[in-house]
Amino acid sequence: MDFSLTDEHRMVQEMVRDYAQREIAPIIKEYDRKQEMAPEILPRMAELGLLGICLPLRYGGQGMDYIALGLVCEELEAVDSSMRVVMSVHVGLNCLGLFQWADEEQKEAFLIPQARGEKIACFGLSEPGAGSDVAAIQSTARRDKGNYVINGEKMWISLASKAHHVMWVARTNPDAPDPHDGLSAFLVELDRPGITRGDIHGKLGVRAGSTGWISFQDVRVPEKNRIGKEGEGFKIAMSALDNGRYTVAAGATGLIRACLDESVQYANQRQAFGRQIGKIQLIQAKIAHMVQSYDAARLLYLHAGWLKNLGKRNTRQTSLAKWFATDASFEAASQAIQIHGAYGYSDEYNVERYLRNARGAIIYEGTSEIHQLIQAGYALGLRGDAPLRKELPAYDRDKWQENCSE
Amino acid sequence: MNIVVCIKQTPDSAAKVVAENGQVSWGDSPLVMNPWDEYAVEAALTMQEEQGGDVTVISIGEEGVKDALKTGLAMGCSNAFLISDPAMQNADSQAVARVLAAAIQKIENVDIAFFGRQAIDGDMGVTAAQTARVLGWPILSLASSVGAVNGSIRVERNVEEGRQVVEGKLPVAVSVVKDIGDPRYPSFMGIRKANRATIPVWTLADLGIEAPDTNVRWPEIMNPPEHEITNEIVSGDSPDEIATILADKILSEKVL
Ligand SMILES: Cc1cc2nc3c(=O)[nH]c(=O)nc-3n(C[C@H](O)[C@H](O)[C@H](O)COP(=O)(O)OP(=O)(O)OC[C@H]3O[C@@H](n4cnc5c(N)ncnc54)[C@H](O)[C@@H]3O)c2cc1C
């Protein structure tokens with residue numbers, strides 16, 4: 001068993017750490033207060049190649065592996081969750097969904113510009129009336145002369161107002177005996193007629209990110225925009241979530257690290273009762289728990305990433321990593337505030353933002369309750385992984401980096 | 001333009017460096033490209049973008065120093081060479097300069113050799129000048145910007161009294177400071193290239209030189225004396241009142 005990162009991993013990690021610390025850390029509080037996404041973020045992430053990091057060069061990506069994707073998410077969320085959310089929806093949910101399920105023509109048309117960062121992509125599954133219960137989706141897509149006509153509303157969609165493309169899940173067969181089998185996935189360009197969208201304000205966290213709604217009214221979409229077969233929408237969405245959840249797990253790990261680092265720094269400096277508070281055992285216990293959470297969360301996500309590299313199914317491991325890391329990151333942020341005392345309760349320090357940001361990840365990409373159901377389901381033999389018609393390709397460094405005129 | 005950048009591998013600037021039994025120790029913190037040298041790489045790559053040509057990054061040290069050279073490749077340098085020889089174990093800056101000069105000569109037709117202003121470990125800041133001396137080249141030190149004008153090079157230097165513009169004929173050695181501009185991040189293309197590259201290793205024999213003498217030793221290394229630090233937060237009803245209390249305290253502590 002080899003736990004070491006490659007030189008490539010370390011270089012990617014350092015590059016992204018530098019980027020996030022140098023360019024994002026100094027401005028993030030301002031944008032968090034304004035409840036806006038800093039306008040330079042998406043173009044800069046595109047320019048750096050982050051938006052296609054783990055896709056082959058021939059699809060406009062950078063040819064790194066799934067571990068590198070996780071490391072990038074960890075580094076980004078150590079500064080702000082809104083940065084990692086971009087990786088989750090654009091790369092994890094959308095690009096990797098296309099990579100797994102789209103045909104070659106669709107990869108040419110949609111994946112390449114997305115991986116290059118020329119087109120920003122989001123993921124539209126949740127609706128005002130359907131979140132955890134995906135089978136309750138109301139949006140419909142009906143066939144009409146070689147096209148589909150899509151109606152419905154998506155809610156809580158990250159990057160709703162910024163994206164050019166959405167992966168949209170709609171019902172194509174209202175009569176399917178199992179409603180899961182009545183869903184289909186579409187890659188829709190958001191400049192089509194009949195589309196309106198906007199941001200939601202007043203969120204508890206990820207305020208420097210965009211979360212919004214998208215409404216489709218008789219939106220005509222050619223058949224070639226349907227990803228996979230009719231009726232495969234649920235499977236495609238769940239595959240996408242296997243990758244989205246991985247990025248959330250890795251990101252939450254970074255959030256724990258940020259809580260730990262700032263707590264250590266503060267505990268070494270703040271004095272109470274004539275000594276540094278870091279010398280007080282009750283404070284030490286909090287720090288020790290953060291260390292424990294960080295190491296465990298990191299092992300869990302890296303293990304999931306390793307399975308992805310091998311092309312092995314990782315639904316259970318990814319769900320576990322996501323559930324553990326997000327719950328632990330909220331606890332770490334809460335304890336980090338406690339260590340900072342009143343100062344932690346104000347936005348002079350970062351830890352209050354960490355707490356607000358950590359909260360969302362316990363809800364999106366499967367609530368903690370849903371992940372408990374998943375874990376119990378596997379353990380009790382109530383659930384298994386049926387093979388998919390298309391699996392996420394295993395990482396192959398030579399193939400992914402070939403065709404570089406470098 | 002044929003450009004060489006001479007870099008050193010040092011402990012990370014965040015490392016806690018302490019003296020233990022007369023030896024310097026930085027615990028298990030990572031070794032990186034000397035942060036000042038990143039500015040030299042940036043200057044070299046900017047020059048190459050304007051003038052064309054190659055940027056070769058070189059360093060002296062053991063196998064592990066290839067990591068720092070790879071960072072140079074990942075940032076966009078075209079080639080890298082490592083000079084490694086057991087005879088260089090405790091080399092002083094003069095010996096290093098002789099070896100760097102020999103390597104620069106082996107690369108041939110070099111127009112500019114870039115250096116960082118100093119290495120954050122030894123903090124001597126003399127390698128650039130000494131290497132220039134061995135090569136018999138002019139040295140333009142502590143440059144804050146660099147430009148080429150047909151056959152010569154023009155640099156700006158920030159000095160306490162103002163700014164100087166200095167021109168020198170090629171070939172030339174240049175040491176740079178921070179004002180040159182933030183070093184670029186490695187690119188993914190660079191990272192892929194760096195990890196596929198095999199970095200050739202030269203011994204002193206390959207450079208055609210004998211082990212140079214080392215005349216400077218570091219017989220004793222000590223930690224700085226410990227300072228007693230206490231914190232006090234000054235509070236008051238108005239900024240004026242706080243400022244007055246603070247000023248009084250500063251005066252009574254004889255800080256000013
Ligand atoms: C910041 C943010 C960004 C988001 N981004 C996206 C996005 O980009 N794309 C997208 O499609 N969605 C996105 N979402 C939506 C998110 O995925 C949903 O909010 C989530 O799936 C939960 O659905 P819900 O909010 O409708 O809650 P509900 O499903 O209504 O759940 C309410 C409560 O009931 C519990 N519950 C529900 N069913 C069960 C059950 N069977 N057993 C036990 N407990 C249960 C839940 O755990 C929860 O506590 C985002 C949400 C947030 C907050």
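Annotations
- Test for A:Gln335: is it within 13 Å of the ligand (Cβ to nearest atom) and at pLDDT 95 or above: no
Yes/no matrix, rows are residues, columns are (1) more than 16 Å from the ligand (Cβ to nearest atom); (2) more than 23 Å from A:Asn243 (Cβ to Cβ); (3) not assigned by TED's automatic domain parsing to the domain that holds A:Ala130:
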{"position": "A:Tyr349", "(1), (2), (3)": "yes, yes, yes"}
{"position": "A:Glu352", "(1), (2), (3)": "yes, yes, yes"}
{"position": "A:Gly360", "(1), (2), (3)": "no, no, yes"}
{"position": "A:Arg397", "(1), (2), (3)": "yes, no, yes"}
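- Total residues in region B:111-153 satisfying the condition of being in a loop (DSSP other than H, G, I, E, B) and either modelled with pLDDT under 95 or open to solvent by less than 50 Å² (accessible area, probe 1.4 Å) (or both): the figure is 14.
- For region A:43-75, residues that are more than 14 Å from chain B (Cβ to nearest Cβ), closer than 28 Å to A:Gly198 by Cβ and under 15 Å from the mean Cα position of the chain (by Cα) total 1.
- The residues listed here are A:Arg207, A:Arg142; of these, the one that is among the basic types (Lys, Arg) and within 18 Å of the chain's Cα centre (by Cα) is A:Arg207.
- When region A:135-154 is filtered for residues that are buried (at least 19 other Cβ atoms within 10 Å of the Cβ) and either near the ligand (Cβ under 8 Å from one of its atoms) or at positive phi (or both), the ones remaining, listed by number, are A:Gly152, A:Lys154.
- From the list A:Met37, A:Met83, the one residue that fits, being farther than 16 Å from A:Lys308 by Cβ, away from chain B (no Cβ under 14 Å) and not in a helix (DSSP H, G or I), is A:Met37.
- Of all residues in region B:159-200, those being β-branched (Val, Ile, Thr), assigned to a helix (DSSP H, G or I) and touching a strand residue (DSSP E or B) at 6+ places or on another chain (Cβ under 9 Å) number 1.
- Subset of region B:167-194 [more than 15 Å from the chain's Cα centre (by Cα) and more than 14 Å from chain A (Cβ to nearest Cβ)]: B:Glu167, B:Gly168, B:Lys169, B:Leu170, B:Pro171, B:Val172
- Scan of region A:111-129 for residues that are surrounded by 24 or more Cβ atoms within 10 Å (Cβ to Cβ), more than 13 Å from the ligand (Cβ to nearest atom) and away from chain B (no Cβ under 14 Å), ordered by number: A:Leu111, A:Gln114
The values are calculated or read from the model by the stated rules, or taken from the named source; none is laboratory data. Note that the structure is predicted; figures quoted are calculated from it, not measured. Ideal geometry is used to build each Cβ from the backbone, glycine not excepted, and the neighbour counts take in all protein chains shown. Calculation scope for accessible area: heavy atoms of the full protein, side chains included, ligands and nucleic acids excluded. Shrake-Rupley method; radii C 1.70, N 1.55, O 1.52, S 1.80 Å.
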